[in-house]
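Heads up: the structure comes next, in structure tokens.
The values are calculated or read from the model by the stated rules, or taken from the named source; none is laboratory data. Nothing here was measured: the structure is a model prediction, and the numbers come from that model. As a convention, Cβ positions derive from the backbone with ideal geometry for all residues, glycine included, and neighbour counts pool all protein chains shown. Accessible surface areas use protein heavy atoms only, side chains included; no ligands, DNA or RNA. Shrake-Rupley method; radii C 1.70, N 1.55, O 1.52, S 1.80 Å.
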Amino acid sequence: MGERTQYSPGTFSWADLTTTDQPAAKTFYGSLFGWEFEDMPVGGGIFYSMAKIGAKDVAAISPQPEQQRDAGVPPVWNSYVTVESADDALERARELGANRPRSGV
């Protein structure tokens, strides 16, 4: 399979999972996809677990923030999309009706 070295705007380019059970998720996805993990410390005893196939990064898994767990938010896959300009993408989103949530919402 070919290897991507760049992503055209509008292309999904990264995915990571935030979960309530990081070790179980690593075991499940590791056995499902053949991923190996490199734990990258981010402070406070928390690790961003980089999923790899060979030496290539393919996704990541991290613990769900306590505030989300306490609010009953389920584990979620975050999908990232490449854009040419974050400022232009923000402006277009606003044109289409997006707005910034108020603090605490």
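Can you tell me how much longer the chain between ASN99 and LYS56 gets when fully stretched, taken as 0.36 nm per residue apart minus their C-alpha distance, in nm with one decimal? Show your work: numbers first, answer last.
Working: separation 43, 0.36 × 43 = 15.48 nm, distance 3.62 nm.
Length difference between fully extended and current span is 11.9 nm.
Consider the candidate values (i) 103; (ii) 120; (iii) 155; state which one is volume of the Cα convex hull per residue in Å³ computed from the structure displayed.
The calculated read-out lines up with (iii).
For TRP14 paired with SER79, estimate the spin-label separation in nm (one decimal), with each label point 7 Å from Cα along the Cα-to-Cβ line.
The modelled label-to-label distance comes out at 1.7 nm.
What chymotrypsin sites (Phe, Trp or Tyr not before Pro) does the range 1-63 have in DSSP loop regions with at most 16 other beta carbons within 10 Å?
In loop regions of the range 1-63 (DSSP not H, G, I, E or B), the sparsely surrounded chymotrypsin sites (Phe, Trp or Tyr not before Pro) are TYR7.
Which residue, LEU32, LEU90, LEU17, tops the fluctuation ranking in a GNM of the chain built on C-alpha contacts under 10 Å?
Looking only at LEU32, LEU90, LEU17, the biggest GNM fluctuation is shown by LEU90.
Which of these, GLY45, GLY30, GLY72, has the largest mean-square fluctuation under a Gaussian network model of the chain (Cα springs below 10 Å)?
For the chain, modelled as a Gaussian network with Cα springs under 10 Å, the answer is GLY45.
Of the candidates ASP39, ASP21, ASP88, which one comes out as most mobile in a Gaussian network treatment of the chain with C-alpha springs shorter than 10 Å?
Top of the fluctuation ranking is ASP88.
Leaving out ligands and nucleic acids, note down the accessible area per residue over the chain with a 1.4 angstrom probe, in whole Å².
On the way: 7990 Å² over 105 residues.
With all protein chains present, the chain gives 76 Å² per residue.
Determine the distance separating the Cα centre of the range 1-30 from the Cα centre of the range 73-103; give it in Å without decimals.
19
Between SER31 and ASP88, what is the label-point separation in nm under the 7 Å Cα-to-beta-carbon projection?
4.6
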